[in-house]
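The values are calculated or read from the model by the stated rules, or taken from the named source; none is laboratory data. As the structure is a computational prediction, the values presented were derived from the model and not from experiment. Positions of Cβ are generated from backbone atoms using ideal geometry, with glycine treated the same way; all protein chains shown enter the neighbour counts. Remember, those area values only see protein heavy atoms, side chains included, never the ligands or the DNA or RNA. Shrake-Rupley method; radii C 1.70, N 1.55, O 1.52, S 1.80 Å.
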Amino acid sequence: MHVRIPPSACEVETLFAGWRSGLPGQQGSKFLTGARDYVAASLWRRAGLRINETVRLQVGDWHPQVGSSGVLHVRCGKGAKGSGPRQRLVPAINGVDRLLAWWMSQVRGQFGDDPAAAGAALLPSRCHNSDGSLRPACAETLRQGLAQAVAHRLPAWTGRLTPHPLRHFCATHLYHQGMELEAIGALLGHTWISTTARYIHVPAERIEWHAAGQRPRHRPPPATRPTRPARRHCGDPYHARRTVTMRWQLRLRAAERGVFKAVEMRRLLAQAGLPISAGKMSALWSTAVAPVSIRLDDLDIICRVLGCDAAGLLVLDPAPGDPTTPPRTPPPVPAAETIGETWAWNNSRPLPRPAGGRTRPSIPPV
């Protein structure tokens, strides 16, 4: 079996710190493509996205208003055995929210198209379609951008560090930070926890395996991890015992509207055009854990029935017993005269470009 061992945390930080500091020295289109490749690689490193999932991201898939840190709607997740693409919501943890706020506010609008247009690529190329929109950057282009940065900033890993080992690094890093395997598997889009376990790279003396279940017995200290019951399957979107970072407050919002039974909620949703089976409605009603994936159309109907927004249903759940976690404040909205271009998300119209062309390149957030 081919094992993709990722670089150490120090080596990865050296690569991205040098890459980040070198971006402002580039000019024109080189800065735009360099920043795009940096954002793509950061998504692999921080959120564990697959390269094909990254290529297909659109501007409308970034929802900064959902929860406390925002979510990315991955529409084209990897399927299994002909099941087709599997969608999931990826919370913008591990600095992804600050990265995308910088990208949308200071860089994305300088590519020359309308980021607020339907279907606008989150990571565009420099090639135009017949309607004037920009094509998304292809997978090979993003691979080459990472390879060039590795050859320049981390030459010891030239030819060895590809996008997939960065997914392994993301899983290993989050595991060392105290995140459970079930939550890591949900973040990466895995169906089985055994798949996620192969992404975790720790010293052999720190991990033991059960003979029957093949589950890692090692866990971080109790003070640094949430205590939740463990289970093998991490692909069930409605299982209440799964460890995640967001709470599902359907019953609370329904109680505020005077709905106290699942059958009443199911009837209201059916009247609004969203028929739900009794089993699925029972699972959504009884759980306090956010589902791994939910269609945005269905979420919109649920919000309209309850008279709330998505932030009222999906609430970020910080790790219990972690007094060092500071309260998060949303990033400030840059003024139009300071960014020179639009930042557009969720169908907002672009801001006018001031006279004088592009603005000076800025450094991405850490």
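Values as computed for the structure displayed
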quantity	calculated
Among 104-113, 140-149, 5-14, the order from most to least packed when residues are scored by Cβ within 10 Å on average	104-113, 140-149, 5-14
Contact order relative to length of segment 53-99, as percent, for alpha carbon pairs under 8 angstrom and 6 or more apart	32
Average Cα contact separation per residue, segment 121-188, under 8 Å, 6 or more apart, as relative contact order %	17
Kirkwood-based Rg to Rh ratio, segment 57-183, C-alpha trace	0.98
Residue-level accessible surface for His152, protein heavy atoms, 1.4 Å, Å²	130
Accessible surface of Lys78 - all protein chains present, 1.4 Å probe, nearest 10 Å²	130
Accessible surface of Val315 - all protein chains present, 1.4 Å probe, nearest 10 Å²	30
